[in-house]
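Trainee: Supplied in C-alpha cells, the structure appears directly below.
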Amino acid sequence: MSESEQKLEAPSAKPTTPGGQTAGTQASQLAGRIKDVIENEPVALFMKGTPQFVMCGNSSRALEALRAAGAPVTAVDILPDPSIRQELAELSGWPTIPQVFVKGELVGGADIAQELAESGDLRTILEEKLGAGYSDGAEERVVDVLSGTRA
Amino acid sequence: MAVERLESLLQDAFPDAAELRVEDRTGGGDHFQVTVESSSFDGLPLLEQHRLVNDALAEPLRDGTIHELRIKTRGTT
C-alpha cells in the first residue's frame, strides 16, 4: 500500500450490458455527464436551481459574479437528485455548492467567484482561458445531467 | 453549539490565526460566515486558501451541521 494520500482516479466506465441498467452503470453515466460538462463547457456552474429560478443565496452570488464578468454560463441544477452533488464532490474534491469551473478547472465557490469578480480578476481568468472575445454572444444554458439533455 | 464546534475545529487547524471568527448568519445554527486570518494562507491562491478551511470543517460539512458556509480568508503578508 502506498503511503501517499493521493486520491484515486474514478475507474473507467464499466462495460454496459444491453437491456439491463444497474445502479452502478447509472452512477457512472451520471459521473460521465458531469465530467463532460466540466471539461467541455467554457464556464460551468453547478448550482441549486437554475439561472431562471435560483434556489439558494450562494448560487445566486456565483451566478451574479459570472454575469457581471459577462461570462457564458452553462448551469447544472444539482437539486433534482442527491447523487448529482455526490458525484460532483467526488470529481472536484470540493464539498459545497455552488462550484464554478472555467475550461475544466475549478475556480471556486460563491465567495471566490464574488471576490474575483469584484477585484476584476475573474475577467482576467476568463480572457486567459477563453480568449478576449469570451463575452461576445455569451449565453446562459442549462444542462440536465440526469437525462443528458440541454436547454 | 455549532459555532463553538466550528471555532474549535478552526483553531486546531489554524493555531496561529490573527483573526478567527464564526458567525451564525441567520441565528438558525446552520448558516455560517467564517473569517480566518492566518500565515497558513500566505502565498496560496484563493482556491487553496478556501480548501484549507473546507478541510478543517470537513466533518460538519459532511454531517449536515453546516447548511451554508461563507468563507473569508486572509494571509498575514
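Trainee: Given N residues in chain A, what is Rg(Cα) / (2.2 N^0.38 Å)? Intermediate results must be reported in sequence, preceding the final value.
Mentor: Numbers: Rg = 16.2 Å, N = 151, 2.2 N^0.38 = 14.8 Å.
So the Cα radius of gyration is 1.09 times the expected 2.2 N^0.38 Å.
Trainee: Ok, one more. Quick check on chain A: helices-only [θ] at 222 nm, where DSSP H runs of length 4 and up contribute -39,500 (n - 2.57) each and the sum goes over total residues. Nearest 500, please.
Mentor: Details: 5 runs with 61 residues, N = 151.
Dividing the helical sum by the residues of chain A leaves -12500 deg cm²/dmol.
Trainee: For chain B, take the longest principal axis of its alpha carbons; what is the angle in degrees between that and the long axis of helix B:46-56, to the nearest 10 within 0 to 90?
Mentor: Its long axis makes an angle of about 50 degrees.
Trainee: Checking a compactness column here: for chain B, what do you get for Rg(Cα) / (2.2 N^0.38 Å), N being the number of residues?
Mentor: Here the Cα radius of gyration is 1.02 times the empirical estimate.
Trainee: OK, next. Size of the dipole of chain A about the Cα centre, Lys and Arg at +1 and Asp and Glu at -1 on the beta carbon, nothing else charged, in debye to 20?
Mentor: 420
Trainee: Still on this structure, please answer the following. Compare B:26, B:65, B:35 in a GNM of chain B, Cα atoms joined below 10 Å, and give the one with the largest fluctuation.
Mentor: B:26
Trainee: What is the count of Lys pairs in the protein assembly as shown whose alpha carbons sit under 24 Å apart, if the two are 8 or more places apart or on different chains?
Mentor: 9
Trainee: Once the Cα atoms of helix B:2-13 and of chain B are each reduced to a long axis, what angle between those two axes, in degrees from 0 to 90 to the nearest 10, is obtained?
Mentor: Rounded to the nearest ten degrees, it is 20.
Trainee: Moving on to the next point. Ranked by Cβ crowding within 10 angstrom, fewest neighbours first, how are A:83, A:59 ordered?
Mentor: Least crowded to most crowded, the residues run A:83, A:59.
Trainee: A further question on this structure: Could you put B:1, A:55, A:47 in order, starting from the residue whose Cβ has the fewest other Cβ atoms within 10 Å?
Mentor: Fewest-to-most ranking of B:1, A:55, A:47: B:1, A:55, A:47.
Trainee: In chain A, which helices (entire DSSP H runs) extend 24 Å or more along their own long axis, judged by Cα positions, while averaging at least -1.0 on the Kyte-Doolittle scale?
Mentor: What comes out of the filter, once short or polar helices are dropped, is A:23-40.
Trainee: Counting other C-beta atoms within 10 Å, which of A:145, B:34, B:3 has the fewest, and how do the rest follow?
Mentor: Taking fewest neighbouring Cβ atoms as first place, the list is B:3, B:34, A:145.
A short reminder: the numbers here are calculations on the coordinates, not readings from a lab. Since this is a predicted model, take the numbers as computed values, not measurements. Methodologically, a virtual Cβ is constructed for each residue, glycine included, from the backbone with ideal geometry; neighbour enumeration extends over all protein chains shown.
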